[in-house]
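Okay, structure first, notes after.
The values are calculated or read from the model by the stated rules, or taken from the named source; none is laboratory data. Only a predicted model underlies this, so the values are computations on that prediction, with no experimental measurement involved. Reconstructed Cβ throughout: ideal geometry from the backbone, glycine too, with neighbour counts over all protein chains shown. Calculation scope for accessible area: heavy atoms of the full protein, side chains included, ligands and nucleic acids excluded. Shrake-Rupley method; radii C 1.70, N 1.55, O 1.52, S 1.80 Å.
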Amino acid sequence: MSTHFLQAPAVARLSRWGLLDRIIDSDCPPINDLLLEVDGQDMPVPFEGSDLIPALFAPRRTVLDKILVDAAREAGAEVKEGFYVEELVQEDGRVTGVTGRTGDGERVTEHAKVVIGADGRHSVVAEKAGAAFVERVEPVSCGYYGYFTGDFPERTEFRIKPDHLQISFPTHQAQVIIAQWPPDMFKTVRKNPEEHLRQAWAGSEVGDALSSAKLTEKVLGSADIPNFVRQSWGPGWALAGDAVYQKDPAPADGINDAYRGAENLTKALDDGLSGRVEMEEALAGYAQTIEDARKRTLPLTIQVSSFTEPPPVKFQAFMELTAWHAEDQMAIEAGVHA
Ligand SMILES: Cc1cc2nc3c(=O)[nH]c(=O)nc-3n(C[C@H](O)[C@H](O)[C@H](O)COP(=O)(O)OP(=O)(O)OC[C@H]3O[C@@H](n4cnc5c(N)ncnc54)[C@H](O)[C@@H]3O)c2cc1C
């Protein structure tokens, strides 16, 4: 379950990895216009493109993730899809591999110098390695999203209302319509999420388009999205993506952050495995990047996503996250790892 708006640094990284053309070729609509709303005021924010980031994109995960997996395979990775990790192999307090089962149910053990848990917020690797929570905040919102076809404005909208958030953007052959509410609204909203999505957007251009739009698949949502940062590595293991830093989806920062972390972890592993730097030192450097992100972005994410803050405070936090993205984007454009 995930929507898929990519912040500018994520698009820049896809570009740097040579994969953005594949997204463009998949007929993913480019996004050049953003509209923010706070306190009833609309603020258009045209996106200033660059060679690296000609536009923003929000590709379906089924398209985006396949492009990444194919690229990993082409780059020489041996990919085993449908493999489920169940346990870690440990020797003398060090992780040395995994055991799991293939799609056919065959039990397999694999050995590795370092096991990377990029297995999402319910990470088995984190659990079995005993990765401690550095910080954990229980869910501050609940949300639902749906895919609709209709006559929608071709832009991303992020509307901060006192009692809910509205987010919308175009993707492959559909418009993604999202709303988030305080967690205690979940029982009410889940009775008819499609109707609540439509009600949340009523009275806007998107709402007008929604009134005659067609829902193309089941509306999905959750009230179980906590915010946390875990210990990021230990002897023989490391975590990446949501496994190490999981956050409310309101600022649409999860994929972006996962790509940033993947790059930083790859660099640390390359340094460690090549012997340029002791592995422990290299992974400690990676841990510092997670810690820097936690300190700077976790409080802002909570402010944007929770309903205890008034809209102007949420907006300010959103703009501070945008400034963080701009710094990251500049570092990528300058060819350095953030
Ligand atoms: C409702 C919702 C909306 C969101 N919207 C956005 C958005 O618009 N933009 C954005 O940037 N982010 C968004 N996010 C966040 C985003 O989905 C995550 O941050 C991102 O997917 C993290 O990537 P990941 O690779 O770490 O984890 P995941 O994408 O969760 O991938 C983990 C992978 O590990 C596999 N796996 C899990 N356990 C095992 C196991 N034991 N063995 C083998 N494989 C395993 C899973 O099958 C999966 O393929 C949203 C999240 C939610 C819940």
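Residue count for the stretch 76-90 satisfying the condition of being β-branched (Val, Ile, Thr) and within 9 Å of the ligand (Cβ to nearest atom): 1.
Considering the stretch 191-230, the residues that are in contact with a Phe, Trp or Tyr (Cβ under 8 Å, 6 or more places away or on another chain) and in a loop (DSSP other than H, G, I, E, B) include one that is nearest to residue 305 (Cα to Cα), namely 223. If you go through the stretch 12-34 and keep only what is closer than 14 Å to residue 335 by Cα, without any contact (Cβ under 8 Å) to a residue 60 or more places away in the chain and either of a type in the set (Lys, Arg) or assigned to a helix (DSSP H, G or I) (or both), you end up with just 15. Close Cβ contacts (under 6 Å, 6 or more residues apart or on different chains) running from residues in the stretch 169-190 that are under 16 Å from residue 210 (Cβ atoms) to residues that are assigned to a strand (DSSP E or B) and more than 14 Å from the ligand (Cβ to nearest atom) comprise 174/149; 175/148; 177/148.
Total residues in the stretch 179-196 satisfying the condition of being in contact with a helix residue (DSSP H, G or I) (Cβ under 8 Å, 6 or more places away or on another chain) and under 19 Å from residue 158 (Cβ atoms): the figure is 4. Here residue 3 passes the criteria (1) in a loop (DSSP other than H, G, I, E, B); (2) under 27 Å from residue 114 (Cβ atoms); (3) in contact with a strand residue (DSSP E or B) (Cβ under 6 Å, 6 or more places away or on another chain) except the one numbered (2). Consider the stretch 184-212 and keep the residues that are in contact with an Asp or Glu (Cβ under 8 Å, 6 or more places away or on another chain) and more than 16 Å from residue 37 (Cα to Cα). The one that is nearest to the ligand (Cβ to nearest atom) is 209.
Out of the residues in the stretch 244-267 meeting the condition of being farther than 16 Å from residue 322 by Cα, open to solvent by 10 Å² or more (accessible area, probe 1.4 Å) and hydrophobic (A, V, I, L, M, F, W, C), tell me which one is farthest from the ligand (Cβ to nearest atom). Filtering the stretch 244-267 for residues that are farther than 16 Å from residue 322 by Cα, open to solvent by 10 Å² or more (accessible area, probe 1.4 Å) and hydrophobic (A, V, I, L, M, F, W, C), the one farthest from the ligand (Cβ to nearest atom) comes out as 262. Scanning the stretch 43-83 for residues that are loosely packed, with under 12 Cβ neighbours inside 10 Å and part of a strand (DSSP E or B) turns up 43, 44, 46.
Residue 93 passes every criterion in (1) touching a Pro at 6+ places or on another chain (Cβ under 8 Å); (2) within 11 Å of the ligand (Cβ to nearest atom) apart from (2). Across the stretch 16-34, the qualifying residues are those that are within 16 Å of the ligand (Cβ to nearest atom) and open to solvent by less than 50 Å² (accessible area, probe 1.4 Å), and the one among them that is farthest from residue 155 (Cα to Cα) is 19. Screening the stretch 96-128 for residues that are in a strand (DSSP E or B), within 11 Å of the ligand (Cβ to nearest atom) and of a type in the set (Gly, Ala, Ser) and picking the one that is nearest to residue 228 (Cα to Cα) gives 117. Candidates 136, 155: the one that is among the basic types (Lys, Arg) and open to solvent by 60 Å² or more (accessible area, probe 1.4 Å) is 136.
Looking at the stretch 304-323, which of its residues are part of a helix (DSSP H, G or I) and either farther than 24 Å from residue 56 by Cα or of a type in the set (Phe, Trp, Tyr) (or both)?
311, 312, 313, 315, 318
For the residues 73, 60, the requirement of being more than 10 Å from the ligand (Cβ to nearest atom) and in contact (Cβ under 8 Å) with a residue 24 or more places away in the chain singles out 60.
Note on the stretch 213-231: among residues that are of a type in the set (S, T, N, Q) and under 17 Å from the mean Cα position of the chain (by Cα), the one that is nearest to the ligand (Cβ to nearest atom) is 222.
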